Amino acid sequence: MNPTEASFDHGVASGDPLSDQVIIWTKLTADKETVLVTYKVATDPAMKNVFQMGKEFALAENDHTLKVDLKGLKPASTYYYQFECEGAQSVIGRTKTLPSGSVDQVNLAIVSCSNFEWGYFNPLAALAKRDSIDAVLHLGDYIYEYQISGYGDTTIGRLHEPPYEIVSLQDYRTRYAQYRRTAAFQKVHQMHPFITVWDDHEIANDAHVEGAQNHQAEEGAYQDRKAAARKAYFEWMPIRENADKVYRKFQFGELVDLLMLDERLAGRTEPVESIDDPNYQNADRTILGSEQKEWFLTELKNSKAQWKIIGNQVIFSDLRFGEIFPKRPLNLDAWDGYPYEKKSVLDFLKTQQIKNVIFTTGDTHCSWAFETPTSVEDYQLKGAAANVAVEFGTTSISSGNYDEYTTMDTVQFAQGLYHKNNPHLKYVNLHDHGYLLLRIRKEVSVAEWYYVPGLRTPGDEEKLGKRIKVKSGSAELILEKEISKNDGMD
Ligand SMILES: [Fe+2]
């Protein structure tokens, strides 16, 4: 093959770091079935101190994507990697292994909901500029399945490819390829390892095991669509292939156990339409499925880590909409839609006295900080003594939130109503886009929301919007009203 016939047009990525392993990823643009790709790994950004090299085939049957699970690495170490194929070279990627043993601090960046049509992925461009990120958690809605204008704002000319709703394997691949050609996604994947999990839009809106709100019979069998969506996800994400499960644990030494949950395809039963549905409270309705639930509770109970961080997709804490959506008092696609299972997790945290649990959540396109009591009624009676966890929700990278649909006055009014209806809610922002930075130390965890000025032109500026702390042993949030520039953490 002529050297100009193979190229790396979708950058590089790394993910699922362990203390001695990490996945590196790339994708070839090539016109033959099989291409042989060389990779090398070095300890310096100039790729002079190469300590691992190898060759792997990129296959058309995997869309010419390629993953290598590097082994024999040192903990808490930064590595650089590059791919080569028939004269073409990829950019040099940077990645990092997880720490082991005693750890001072872990920094997690948390993102969700990157919709191409809603605007430039500027929060990712800003995040790419940061150093000292141990991992970026993408909590889902990495792509959206809709046709052009199906859900988005096309006025700046960012139009989905293919133009129709994606259903087949080739459709999903084309959509991932489009997202991964953006400068922001390429840069952030080049700079940081990712730990990803799907939410619904990687398959179709409000997906569960047996169907989805946005899947109709004329689009074919749902199980075929799900299989196509899964295959494309595993091809395009730097994720370890593990018996088809995406719920998994990452250990950051003695400081953090990160439990990534799959709240869509592992076991979720069909959502109900209304809290008046006679099945609403049923014990067999589940968001995790029995196998994952048992794994989750066992990991929580057995964890020796100081902090237990949950990579959660949909809001876990109670959230009462009240007058904001009078016809829809709760989000029935979130944990509020599965009350029996939610209560059993809350009861478990309480009776087992599991401390230092932080849910991190995507899905809503808004920022949230909750204290998580056993119930709102318990919180009204006992205050923070009723709390069993806290929850930090990250806003969207780009998907529309309230101000894209209404005025800022209405946004402010709605934020006030959320506080009025939810006394355990300590912070809500319904209008900014950005990401959440969670910095964890033995004695304290600090959540910071960073916001970008806009999405309609490309940019990488950001500003700190809010900082909230939680001390070890407490499940009570400490809000910083005046944000000081330096809080003594890296
Ligand atoms: Fe979303």
Task: Condition broken by Gly150, with the remaining ones in (1) without any contact (Cβ under 8 Å) to a residue 60 or more places away in the chain; (2) in a loop (DSSP other than H, G, I, E, B); (3) over 22 Å from Asp199 (Cα atoms) satisfied - done: (3)
- [ ] Six or more apart or on different chains, Cβ under 9 Å: which pairs go from a residue in the stretch 223-240 that's over 26 Å from Gln21 (Cβ atoms) to one that's at pLDDT 95 or above and of a type in the set (S, T, N, Q)? Could you list them?
- [x] Asp224/Ser168; Arg225/Ser168; Ala228/Ser168; Ala228/Gln170
TODO: Determine, yes or no, whether His419 is out of contact with any Phe, Trp or Tyr (no Cβ under 6 Å at 6 or more places or on another chain) and either free of Cβ contacts under 8 Å to residues at least 60 places away in the same chain or not polar (S, T, N, Q) (or both).
DONE: yes
Task: Pair list, Cβ under 7 Å, 6 or more apart: the stretch 362-377 residue among the β-branched types (Val, Ile, Thr), other residue within 16 Å of the ligand (Cβ to nearest atom) - done: Thr364/Ile315; Thr364/Gly393
Open item on the list: Can you pull out every residue in the stretch 111-130 that is within 14 Å of the ligand (Cβ to nearest atom) and of a type in the set (A, V, I, L, M)?
Closed with: Val111
Task: Qualifying residue in the stretch 21-44 (condition: surrounded by fewer than 22 Cβ atoms within 10 Å (Cβ to Cβ), in contact with a His (Cβ under 6 Å, 6 or more places away or on another chain) and not assigned by TED's automatic domain parsing to the domain that holds Gly253) - done: yes
Open item on the list: Taking the criterion of being under 21 Å from the mean Cα position of the chain (by Cα) and in contact (Cβ under 8 Å) with a residue 24 or more places away in the chain, would at least one residue in the stretch 456-463 satisfy it?
Closed with: yes
- [ ] Answer yes or no as to whether Val444 is away from the ligand (no atom under 16 Å from the Cβ), within 21 Å of Met260 (Cα to Cα) and either in contact with a Cys (Cβ under 8 Å, 6 or more places away or on another chain) or at pLDDT 95 or above (or both).
- [x] no
Open item on the list: Show me the strands (runs of 3 or more DSSP E) entirely contained within the stretch 1-101 in which 3 or more residues are among the small types (Gly, Ala, Ser).
Closed with: 12-15
TODO: Name the single residue, out of those in the stretch 158-176 being surrounded by fewer than 20 Cβ atoms within 10 Å (Cβ to Cβ) and either within 26 Å of Arg130 (Cβ to Cβ) or among the polar types (S, T, N, Q) (or both), that is nearest to the ligand (Cβ to nearest atom).
DONE: Thr174
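Residue-wise test of (1) at pLDDT 95 or above; (2) closer than 26 Å to Thr65 by Cα; (3) crowded, with 24+ Cβ neighbours inside 10 Å.
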position: His201; (1), (2), (3): yes, yes, yes
position: Ala204; (1), (2), (3): yes, yes, yes
position: Glu210; (1), (2), (3): yes, no, no
position: Gly220; (1), (2), (3): yes, no, no
position: Asp224; (1), (2), (3): yes, yes, no
position: Ala227; (1), (2), (3): yes, yes, no
position: Arg230; (1), (2), (3): yes, yes, no
position: Tyr233; (1), (2), (3): yes, yes, no
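The values are calculated or read from the model by the stated rules, or taken from the named source; none is laboratory data. Model, not experiment: these values are computed from the prediction. As a convention, Cβ positions derive from the backbone with ideal geometry for all residues, glycine included, and neighbour counts pool all protein chains shown.
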